[in-house]
1. Between 56, 67, which is modelled with pLDDT of 95 or more and hydrophobic (A, V, I, L, M, F, W, C)?
2. Scan the stretch 57-85 and report the pairs whose first residue is closer than 18 Å to residue 47 by Cα and whose second residue is at pLDDT 95 or above and assigned to a helix (DSSP H, G or I), with Cβ atoms within less than 8 Å and a gap of 6+ or a chain change.
3. Working only within the stretch 15-31, note down all residues that are surrounded by fewer than 17 Cβ atoms within 10 Å (Cβ to Cβ) and within 19 Å of residue 70 (Cα to Cα).
4. Are any residues in the stretch 40-65 surrounded by 14 or more Cβ atoms within 10 Å (Cβ to Cβ) and either of a type in the set (S, T, N, Q) or in contact with a His (Cβ under 7 Å, 6 or more places away or on another chain) (or both), and if so, which ones?
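The values are calculated or read from the model by the stated rules, or taken from the named source; none is laboratory data. What you see is a predicted model, and the numbers here were worked out from it, not measured in a lab. Cβ atoms come from the backbone with ideal geometry, glycine included; neighbour counts cover every protein chain shown.
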Amino acid sequence: MCTMIVETAPISGTGKGPRDWIKVDQVNVSFDHPFNAPFDHALNIDFVDSSKGPGARVAVEIDAESAKRLVKSIQAALEQGKEYH
């Protein structure tokens, strides 16, 4: 069953697309059926350049436990960076 869970946020940065680096200005995060990963449900993250349509994106599909580890890793890296600067 589809969950229809989607969160969207504005961001600033770049991402490596299939051909080159692209500007990313939005992130879409969903917990639903993945397109490619071999899971029933996954955390799906799309970093997009909203001005260039659906093809201008970097997509990631990970299982729930990997997503939890990713959140912890992001928080730890930000804390270390805060202490460094």
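1. Numbers: 56 fails: modelled with pLDDT of 95 or more.
Among 56, 67, only 67 is modelled with pLDDT of 95 or more and hydrophobic (A, V, I, L, M, F, W, C).
2. 62/70
3. 16, 26, 28, 29, 31
4. Taking the stretch 40-65 as the starting set, the residues that turn out to be surrounded by 14 or more Cβ atoms within 10 Å (Cβ to Cβ) are 41-50, 56-63.
Selection gives 41, 44, 50.
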